[in-house]
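The values are calculated or read from the model by the stated rules, or taken from the named source; none is laboratory data. If you're wondering where the values come from, they're calculated on a predicted model, not measured in any experiment. Neighbour counts run over all protein chains shown; Cβ positions are idealised from the backbone, glycine included. Areas reflect the complete protein model, heavy atoms only, side chains present, ligands, DNA and RNA absent. Shrake-Rupley method; radii C 1.70, N 1.55, O 1.52, S 1.80 Å.
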Amino acid sequence: MTAIDPTAHLTAEQIEELGRELDAIRDEVIASRGEKDAAYIRKVIGAQRKLELASRAVLLFSLFPPAWVIGTAGLSVAKIMDNMEIGHNILHGQWDWMRDPKIHSTTWEWDHVSPADQWKHSHNELHHTYTNVIGKDNDLGYGIMRVDEDQKWHPFHLGQPLWNFINACFFEYGIAAYDLELGKNLHKRRRNNPEFRARAKAVGRKIRKQVLKDYVVHPLLSGPSFLPTLAATFTANLVRNIWSHSVIMCGHFPEGVQVFERRSIKGETRGQWYLRQMMGSANISGSKAMHFMTGNLSHQIEHHLFPDLPSNRYAEVAVKVRALFEKYELEYVTGPLPKQVFSAWRKVVRLSLPNKKPKAPVIVPEREKELVAA
């Protein structure tokens with residue numbers, strides 16, 4: 001929450017007009033979805049599967065350093081593609097309009113320890129509904145960080161740069177943990193809740209499946225290259241986790257992105273919801289390759305406005321959305337990846353410290369006032 005509301009100059013009528021203009025952009029894309037879009041996602045899925053298969057084949061010979069480097073790099077990229085441009089976006093329902101049961105949000109499962117159905121609830125239903133609302137959006141600080149100066153500071157927050165780094169390294173497990181809302185469910189009374197126990201067991205099964213695939217079956221298939229393949233898979237998961245964490249953190253945590261109190265969304269209209277998405281998100285500028293590797297979440301503002309539009313259309317949508325920012329005199333927070341990462345981490349460090357106490361006002365005695373005036 002900033003002391004100065006960057007949207008204060010907008011009237012209620014302007015906010016609702018903004019909402020109607022954004023609705024029109026969404027309707028235009030929906031009406032134009034077609035075979036070109038369907039061919040795009042099928043091509044991406046095919047390329048990802050071929051890359052993963054080829055990389056794992058190369059890792060069969062990972063005892064030799066060149067094979068290890070090539071296989072690890074390829075597997076890292078394949079895992080990023082699976083999670084970002086494919087899994088994340090399919091689970092958002094971006095491709096449900098194709099009515100292809102193999103590429104549908106209700107049937108897709110991804111290379112991730114968090115079960116798809118639990119992720120969809122915490123991400124699609126909660127995060128995208130309550131974007132950047134403190135106490136409602138678990139993606140905001142992941143439940144382990146202080147995200148605003150108005151939040152009460154505790155000594156625990158001194159460690160949040162470290163907690164954030166550890167979370168980045170094991171990000172898929174962090175996501176599974178807050179999908180389960182472990183923070184509030186570990187109390188004995190809630191821990192015994194049948195619903196929570198069922199969800200925890202589902203996560204356990206998914207973790208076992210992922211560990212068996214990545215750290216047992218494929219290394220064993222490598223024979224004498226068992227240990228190098230094991231190390232390569234761990235490295236690929238580490239790269240994927242740090243990359244996805246960085247992209248997501250850059251979407252909601254850089255300086256200039258707004259956070260909101262619970263009371264601010266009471267009675268929220270469609271236009272106000274749109275406005276909150278605009279002010280609570282940030283973009284990453286860069287090349288087409290960079291946008292692709294982020295799953296087009298480099299267009300985070302557009303994604304939060306239209307989470308169910310095909311990701312390959314966000315670049316064209318961004319031009320129209322940015323024009324609306326300019327029209328309504330709003331700040332479009334964007335920048336290259338290094339700048340956004342630095343901004344987000346600087347904020348993490350700043351908020352790990354207690355707020356600086358404002359300087360006490362200087363009280364000037366009446367006699368000195370008279371001398372100054374003279």
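In region 205-219, the count of residues that are of a type in the set (A, V, I, L, M, F, W, C) and either closer than 24 Å to LEU140 by Cα or under 22 Å from the mean Cα position of the chain (by Cα) (or both) is one or more.
For region 223-230, the count of residues that are small (Gly, Ala, Ser), in contact (Cβ under 8 Å) with a residue 24 or more places away in the chain and open to solvent by 50 Å² or more (accessible area, probe 1.4 Å) is zero.
In region 265-286 there is no residue that is out of contact with any Gly (no Cβ under 9 Å at 6 or more places or on another chain) and hydroxyl-bearing (Ser, Thr, Tyr). Which is in a helix (DSSP H, G or I) and in contact (Cβ under 8 Å) with a residue 60 or more places away in the chain, of LEU75, LEU63? The conditions single out LEU75. The set of residues in region 129-164 being among the aromatic types (Phe, Trp, Tyr) and closer than 19 Å to CYS250 by Cβ consists of TYR142, TRP163. Of the helices (runs of 4 or more DSSP H) entirely within region 109-208, those holding at least 1 residues that are touching a residue at least 24 places away in the same chain (Cβ under 8 Å) occupy 116-119, 160-169, 171-179, 182-185. Search region 335-374 for residues being modelled with pLDDT under 50 and of a type in the set (Val, Ile, Thr), and hand back the single one that is nearest to the chain's Cα centre (by Cα). Per the criteria, the residue is VAL362.
Regarding ARG240, is this residue charged (D, E, K, R) and open to solvent by 10 Å² or more (accessible area, probe 1.4 Å)? No, not satisfied.
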